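A.B. asks: Before I ask anything, let me first share the structure, which is written out below as structure tokens.
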Amino acid sequence: MFLEIMTKRPGGSYTAIQAGIVSTALAVGLGSGPLYAYTSEDGSVQASGFVENASYSRRHVGLSKMRNTVQVEGSKDYGAQGPFSNVSLVGTFRATYDAVYDLNDDQFGDKAGDAIQLESVGGSGQTVWGQSDISTGVLGFGFDTNENPNEGLVGLGSHLHDTEGGVGMGVPVRPCDKDSRGCIDDYLDFEESDLKYPEFNDRLDFLREAYIDASMPTASGATWNFRVGRQQVIWGRTDLFRVLDVINPVDFSRHNIYDELEDIRIPMWMATGEYQMGATETFDDLNLQFLWNFDKFRPNNLGQGGSPYAILDAGNFFRAMKNCWDNGCSVANFAGGALSTDFPKHVIGIRDVHLPDWSLDNTQFGIKLEGDYQGLGFSLNALTYRSQLPSLRAVVDNADNPFTPEIESQSYDYLIAFDMHFPRVNLIGGSLDFYVDDIKSVFRVETSYTQGEEFANTLRPELYSDSDVFRYVVGWDRPTFIPFLNENRAFLLSAQLFGQYLVDHEREKVNGIEAGIPDWEINHIGTLLVKGWYKNDRVSPQVIFAHDFKAHATVIAPSVDWLISDNLRLTVGANVKVGDGAQEFDDCRACNPFPPFTGPGEPGDLALRNLAGFEPLGRFRSGPIGMAQEEDELQVTLRYRF
């Protein structure tokens, strides 16, 4: 997609130049294009790359990132081969070392965490981990502190809020080879080397791209373009907001939502075939793309408990809950809604994760029709895939009732014990983009409708329900002169409004407490980018704003890009959050899974619901910006392209 950026010339004349537009979500990089350092004599081989250091410092924490990256990109053109008019091989290789785990190891490395205490508002006020008011000596309660000691822990959400009468838990925060508590096998079980060198794993993530392109003309004048290998397949017309662009999973552990999607998409082994019809009687251009993602399923990387970035603080919650199931744990203000409680193993928490094995049924398929009609770009999209976000289903068939001497190993309604699942999702959607010359603006519209997504729901016995979801983005890009800032060069103004509507949303207010699905039924996030250029476009200041309307949370990200030379680029910036932070929601302490011990009546009796807290479900109301309120950063990035 292109936008006409107007450049003012002496004498007041204007000329339009074509320039690619990156959406409001993230910084537009100067000098980030494929400047090939090597080209063979015949032009068939090209190679380039860069080295980069990104050093971030966070308030109250110190160093939060010192990521050193080497990336090499190359291609080999083989020309015509058999029935193909052109065949080429493309590869991109990336290696990363994040020194934060060595240089700030008391926050994120093998010395992270400490001994903790938990709140008990109806008892002792504060109790030590493993020594709660309801603990060993009470029938069925307590756990072995030799297996689960009071060390290497932080309080769940403690960097964001005090417990204030709500649920509190301990999170083991050291890498999994240093402390295996709460590590989820094959999902969030990263050792220190995995965190330092994330590309070097059994999924070969150092291969950012490794695919073959081949073009084959047809007798009708159309062309088939095939691409097979490890790749990113990008649908949609926006960044940050993944409405149609959901084919590749995303690594949010690199920098929450703030890194460019190009850098945080996780490449997959896929095959695409695109039938390019060109101009037809009706359309100026028309293409039909078929997609088969035949790689083994991968979920999003949400950040492991104890790593610097964990979107929604979900990785910390998952690790705390997994530790509770495996080893038992202390929970603040639980029994009677007021007493700290030591749960034994196999009562509450996360039991298992059900990652889909490879099979033909578990592969993912998509089709996209894309074209241009009298200047109106459009696409129609359909995809069947696995949710890249986990669903916590409270249907655990071997839980124990701690109030009875026998071990039941059965399922209990409304019990906060879960298995992780990744349900099948079906998506249909489309996009438009068009240029309005009268106001020198490009508009982008993107929509999707999904079936099969699952959400936490404290009104259901299984503590989740599915919902159809309608998502949409409206974007606007315009070059605009701001004379008092620069009389000779237009600024780029770019805005987006993202909306999400949960069609099957359920929520009730019971005894003044909201229960049901914590996610908002309808919510919007707005973004605005203002970007300028100085010094022959070698200095580019910008500021990005993003605001979550229901979460009342805002991020402000100013930065300055300086292209020191054609090869060397320096970026200095900040990332500042303001807003309400964590919010409260029904926490199911009064869901009554073990009547009559946990209350009269039936499990889930709404008459008992009168307790809420920040943890664990308030995170869905606060959103990724609200849950990152204490992650303000200063950022310096230096890149040398060769």
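The values are calculated or read from the model by the stated rules, or taken from the named source; none is laboratory data. All values reported here derive from a predicted model rather than from experimental measurement. So basically every Cβ, Gly included, is an ideal-geometry build from the backbone, and we count neighbours across all protein chains shown.
A.B. asks: Which residue, of 269, 358, is over 30 Å from residue 130 (Cα atoms) and either buried (at least 18 other Cβ atoms within 10 Å of the Cβ) or touching a helix residue (DSSP H, G or I) at 6+ places or on another chain (Cβ under 7 Å) (or both)?
C.D. replies: On the way: 358 fails: either buried (at least 18 other Cβ atoms within 10 Å of the Cβ) or touching a helix residue (DSSP H, G or I) at 6+ places or on another chain (Cβ under 7 Å) (or both).
Going through 269, 358 in turn, the sole match is 269.
A.B. asks: Still on this structure, please answer the following. Among (1) over 22 Å from the mean Cα position of the chain (by Cα); (2) surrounded by fewer than 23 Cβ atoms within 10 Å (Cβ to Cβ), there is one condition residue 186 misses while meeting the rest; what is its number?
C.D. replies: (1)
Residues are listed down the side, and each one gets a yes or a no for (1) within 29 Å of residue 292 (Cβ to Cβ); (2) in contact with a Lys or Arg (Cβ under 6 Å, 6 or more places away or on another chain); (3) in a loop (DSSP other than H, G, I, E, B); (4) of a type in the set (A, V, I, L, M):
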site	(1), (2), (3), (4)
175	no, no, yes, no
179	no, no, yes, no
182	no, yes, yes, no
195	no, no, no, yes
198	yes, no, yes, no
201	yes, no, yes, no
214	yes, no, no, yes
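A.B. asks: I've got another one for you. Confirm whether residue 393 is among the basic types (Lys, Arg) and touching a His at 6+ places or on another chain (Cβ under 6 Å).
C.D. replies: Working: among the basic types (Lys, Arg): yes; touching a His at 6+ places or on another chain (Cβ under 6 Å): yes.
Yes; evaluated as a whole, the condition is true for this residue.
A.B. asks: Considering only residues of segment 204-246 that are within 19 Å of the chain's Cα centre (by Cα) and of a type in the set (D, E, K, R), which is nearest to residue 74 (Cα to Cα)?
C.D. replies: Among those residues, the one meeting the criterion is 208.
A.B. asks: Now for a different question. Evaluate segment 149-164: report whether one residue or more is part of a strand (DSSP E or B) and among the hydroxyl-bearing types (Ser, Thr, Tyr). Even if it seems obvious, please write down each step before you answer.
C.D. replies: To start, the set of residues in segment 149-164 that are part of a strand (DSSP E or B) comprises 153-155.
If we keep only those that are among the hydroxyl-bearing types (Ser, Thr, Tyr) as well, we get none.
Looking through segment 149-164, none of the residues is part of a strand (DSSP E or B) and among the hydroxyl-bearing types (Ser, Thr, Tyr).
A.B. asks: Is it the case, given these coordinates, that residue 425 is within 30 Å of residue 303 (Cα to Cα) and under 20 Å from the mean Cα position of the chain (by Cα)? Working first, answer last.
C.D. replies: Details: within 30 Å of residue 303 (Cα to Cα): yes; under 20 Å from the mean Cα position of the chain (by Cα): yes.
So residue 425 passes the test.
A.B. asks: Among the residues that make up segment 310-323, is at least one of them surrounded by 22 or more Cβ atoms within 10 Å (Cβ to Cβ) and among the acidic types (Asp, Glu)?
C.D. replies: There is at least one residue in segment 310-323 that is surrounded by 22 or more Cβ atoms within 10 Å (Cβ to Cβ) and among the acidic types (Asp, Glu).
A.B. asks: Being of a type outside the set (Phe, Trp, Tyr) and modelled with pLDDT under 95 narrows it down to one of 49, 29, 62, so name that one.
C.D. replies: On the way: 49 fails: modelled with pLDDT under 95; 62 fails: modelled with pLDDT under 95.
Result: 29 is the single residue among 49, 29, 62 that is of a type outside the set (Phe, Trp, Tyr) and modelled with pLDDT under 95.
A.B. asks: Right, another one. Looking for something in contact (Cβ under 8 Å) with a residue 60 or more places away in the chain, of a type in the set (Phe, Trp, Tyr), assigned to a loop (DSSP other than H, G, I, E, B) and at negative phi - is there at least one such residue anywhere in segment 586-603?
C.D. replies: Taking every residue of segment 586-603 in turn, at least one turns out to be in contact (Cβ under 8 Å) with a residue 60 or more places away in the chain, of a type in the set (Phe, Trp, Tyr), assigned to a loop (DSSP other than H, G, I, E, B) and at negative phi.
A.B. asks: In segment 389-410, what count of residues is obtained for those that are surrounded by fewer than 16 Cβ atoms within 10 Å (Cβ to Cβ) and under 28 Å from residue 357 (Cβ atoms)? Steps first, please.
C.D. replies: Our first condition is that a residue be surrounded by fewer than 16 Cβ atoms within 10 Å (Cβ to Cβ); within segment 389-410, this holds for 397-398, 403-410.
Then keep just the ones that are under 28 Å from residue 357 (Cβ atoms); that gives 397-398, 409-410.
So the answer is 4.
A.B. asks: Tally time: how many residues in segment 62-79 are under 13 Å from residue 198 (Cβ atoms) and either out of contact with any helix residue (DSSP H, G or I) (no Cβ under 6 Å at 6 or more places or on another chain) or not in a strand (DSSP E or B) (or both)? Before you say what the answer is, go through the steps one by one.
C.D. replies: To start, the set of residues in segment 62-79 that are under 13 Å from residue 198 (Cβ atoms) comprises 65, 67-69.
Then drop every residue that is not either out of contact with any helix residue (DSSP H, G or I) (no Cβ under 6 Å at 6 or more places or on another chain) or not in a strand (DSSP E or B) (or both), which leaves 67-69.
So the answer is 3.
A.B. asks: Return the residues of segment 273-324 that are part of a helix (DSSP H, G or I), of a type outside the set (A, V, I, L, M) and farther than 20 Å from residue 254 by Cβ; say none if nothing qualifies. Walk me through how you get there before you give the answer.
C.D. replies: The initial filter retains those residues of segment 273-324 that are part of a helix (DSSP H, G or I), namely 311-324.
Okay, now just the ones that are also of a type outside the set (A, V, I, L, M), so 313, 315-319, 322-324.
Once the filter is applied, which keeps residues that are part of a helix (DSSP H, G or I), of a type outside the set (A, V, I, L, M) and farther than 20 Å from residue 254 by Cβ, segment 273-324 yields 322, 323, 324.
A.B. asks: Within segment 238-272, how many residues are more than 18 Å from residue 433 (Cβ to Cβ) and either of a type outside the set (Val, Ile, Thr) or assigned to a loop (DSSP other than H, G, I, E, B) (or both)?
C.D. replies: Step one: list which residues in segment 238-272 are more than 18 Å from residue 433 (Cβ to Cβ), which gives 246-260, 262-272.
Pick out the ones that are also either of a type outside the set (Val, Ile, Thr) or assigned to a loop (DSSP other than H, G, I, E, B) (or both) and you get 246-249, 251-260, 262-263, 265-271.
The number of residues fulfilling the criteria is 23.
A.B. asks: Can you tell me which of 222, 214 is more than 29 Å from residue 613 (Cβ to Cβ), among the small types (Gly, Ala, Ser), touching a strand residue (DSSP E or B) at 6+ places or on another chain (Cβ under 9 Å) and surrounded by fewer than 17 Cβ atoms within 10 Å (Cβ to Cβ)?
C.D. replies: Details: 214 fails: surrounded by fewer than 17 Cβ atoms within 10 Å (Cβ to Cβ).
It is 222.
A.B. asks: Assess whether residue 123 counts as being surrounded by fewer than 20 Cβ atoms within 10 Å (Cβ to Cβ) and either of a type in the set (D, E, K, R) or in contact with a strand residue (DSSP E or B) (Cβ under 9 Å, 6 or more places away or on another chain) (or both). Working first, answer last.
C.D. replies: Working: surrounded by fewer than 20 Cβ atoms within 10 Å (Cβ to Cβ): yes; either of a type in the set (D, E, K, R) or in contact with a strand residue (DSSP E or B) (Cβ under 9 Å, 6 or more places away or on another chain) (or both): yes.
Yes: the conditions hold for residue 123.
A.B. asks: Cβ-Cβ under 7 Å, sequence separation 6+ or interchain: first residue in segment 92-111 and under 11 Å from residue 192 (Cβ atoms), partner surrounded by fewer than 16 Cβ atoms within 10 Å (Cβ to Cβ). Which pairs?
C.D. replies: These pairs meet every condition: 105/111; 109/102.
A.B. asks: Ok, one more. Could you tell me which numbered condition residue 438 fails, if it satisfies all but one of (1) of a type in the set (Asp, Glu); (2) in a strand (DSSP E or B); (3) over 26 Å from the mean Cα position of the chain (by Cα)?
C.D. replies: The one condition residue 438 does not meet is (2).
A.B. asks: Follow-up. So residue 208 fits all but one of (1) part of a strand (DSSP E or B); (2) without any contact (Cβ under 8 Å) to a residue 60 or more places away in the chain; (3) of a type in the set (D, E, K, R); what number is the exception?
C.D. replies: Looking at each condition in turn, residue 208 falls short on (2).
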